[in-house]
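Below is one structure, written out as structure tokens, with a few remarks after it.
Throughout, read-outs are computed from the coordinates displayed, never taken from laboratory work. Since the model is a prediction, treat every value here as computed from it, not as a measurement. Note that each Cβ is placed from the backbone with ideal geometry, even for glycine, and that neighbours are counted across all protein chains shown.
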Amino acid sequence: MSDTIAILTGASRGIGAAMARSLAKPGTRLITLARREDPELAAYARSQDVQLEQLSVDLSDVQAAESTAERICAALPRDAKRYLLINNAGTVHPVARTDALTDGAAITAAVNLNITAVMLLTARFLAAVTGLQADRRVLSISSGAGRNPTAGWGVYCATKAALDMHARVVKAEQGADGVRIVALAPGIVDTDMQATLRASDPASFPAVARFQDLHATGKLTSPAHVASRLLAYLDREDFGTTEIDDIRNYD
Ligand SMILES: NC(=O)c1ccc[n+]([C@@H]2O[C@H](COP(=O)([O-])OP(=O)(O)OC[C@H]3O[C@@H](n4cnc5c(N)ncnc54)[C@H](OP(=O)(O)O)[C@@H]3O)[C@@H](O)[C@H]2O)c1
């Protein structure tokens with residue numbers, strides 16, 4: 001029997017990869033989803049005697065997301081003490097001014113990954129853990145971009161705002177005794193996503209110089225540091241009380 005069952009998306013790189021390492025503790029069964037598997041995580045999990053299942057899935061493919069969510073949640077054992085779903089996978093593509101957001105396929109892929117897959121996974125998770133007397137928590141990794149507009153990030157800002165509202169609706173439906181949820185912004189973190197942003201065309205992303213400067217002056221947080229703070233937040237006694245939050249509120 002596992003004490004904790006944790007489902008984590010976007011575990012192959014960045015913040016998710018760092019969270020996966022911290023979650024991989026004896027007593028935890030960890031299920032990860034990303035397009036690529038992480039052989040180092042597999043070796044680490046073996047060394048920690050952790051049950052790990054890495055699922056290769058493109059979460060921007062709605063059918064693949066739907067069937068994977070259904071398969072994982074239908075097979076969840078019902079005797080764990082704790083059930084966690086961490087919706088972390090996300091993309092900042094396409095970076096473009098709203099008058100140049102003409103690539104429907106790119107917009108659809110981002111919407112599918114950043115919000116549709118989150119809704120599908122959360123739905124199956126909620127259905128699977130309803131009625132269990134266990135501790136049940138959903139953490140959706142949001143962004144300050146969902147709360148404040150940034151020129152060039154029309155799709156990203158809109159999807160993260162949607163993620164926040166999704167968390168509010170889940171909370172409204174679940175009530176005091178139900179599954180707890182928080183949409184949590186992680187701050188500015190030194191990952192591939194930031195590298196992509198720094199390489200953006202200033203015509204598409206006018207604040208690019210500020211992001212290059214933050215990186216050059218060592219202002220980005222490391223994925224490992226942020227991951228430990230996000231997971232400490234996930235353990236908080238009052239988790240879910242504030243369903244829209246920012247880890248920088250606790251600096
Ligand atoms: N970095 C920041 O400064 C920052 C700030 C605010 C919020 N965030 C949020 O934090 C979360 C993690 O960001 P990060 O910076 O760690 O990003 P990252 O380094 O770009 O990693 C993204 C993760 O998502 C997975 N992913 C991307 N596309 C996918 C797809 N189509 N299907 C399945 N998995 C996919 C990637 O794995 P594969 O490529 O193997 O699929 C990877 O594991 C995101 O939700 C992001 O919006 C980040």
Discussion item. Give me a comma-separated list of calculated 3J(HN,Hα) values for the range 166-171, in order, Karplus coefficients 6.51, -1.76, 1.60 applied at θ = phi - 60°, integers in Hz, x for any Gly or Pro.
Written reply: 4, 4, 5, 5, 4, 4
Worksheet, complete the sentence: Footprinting proxy, S200, S67: sorted fewest to most Cβ within 10 Å, the residues are S67, S200
Worksheet item: For K25, which lysines qualify as cross-link partners when the Cα separation must be under 24 Å and same-chain residues fewer than eight apart are set aside?
Response: K81
Worksheet, complete the sentence: Of the candidates L76, L197, M165, the farthest towards the positive dipole end of the chain (Lys/Arg Cβ +1, Asp/Glu Cβ -1, centred on the Cα centre) is L76
Practice prompt. Principal axes first, then extents: for the Cα atoms of the chain, list largest minus smallest coordinate on each axis, whole Å, largest first.
Written response: 54, 38, 35
Worksheet, complete the sentence: In terms of the alpha carbon gyration tensor, root eigenvalues a ≥ b ≥ c, rounded if a/c is under 1.5 and otherwise prolate when a/b exceeds b/c or oblate, the range 34-95 is oblate
Worksheet entry | Fewest-first ranking of T68, T242, using other Cβ atoms within 10 Å as the exposure measure | T242, T68
Worksheet, complete the sentence: Taking Cα pairs closer than 8 Å and at least 6 residues apart, the relative contact order of the chain in percent is 19
Practice prompt. Could you give the size of the charge dipole of the chain about its Cα centre, using +1 on the Cβ of each K and R and -1 on the Cβ of each D and E, expressed in debye and rounded to the nearest 20?
Written response: 240
Discussion item. If I stretch the segment between L55 and A151 completely, what's the gain in nm (0.36 nm per residue apart, minus their alpha carbon distance), one decimal?
Written reply: 31.1 nm
Response to the item:
In a Gaussian network model of the chain with springs linking alpha carbons closer than 10 Å, the residue among R137, R180, R36 that fluctuates most is R36
Worksheet entry | Least to most buried among I244, I7 (fewest other Cβ within 10 Å first) | I244, I7
Practice prompt. Please work out whether the range 1-81 counts as rounded, prolate or oblate from its C-alpha gyration tensor, where a ≥ b ≥ c are the square roots of the eigenvalues and a/c under 1.5 means rounded, while otherwise a/b larger than b/c means prolate and anything else oblate?
Written response: oblate
Fill in: Calculated from backbone phi, Karplus (6.51, -1.76, 1.60) coupling profile of the range 6-21 in Hz, x at Gly/Pro
10, 10, 10, 9, x, 8, 7, 8, x, 4, x, 5, 5, 5, 4, 5
Worksheet, complete the sentence: When the chain is treated as a Gaussian network with springs between alpha carbons less than 10 Å apart, the largest mean-square fluctuation among T221, T116, T91 is found at T221
Item to complete: Give the distance, in whole Å, between the Cα centre of the range 168-212 and the Cα centre of the range 1-66.
Response: 20
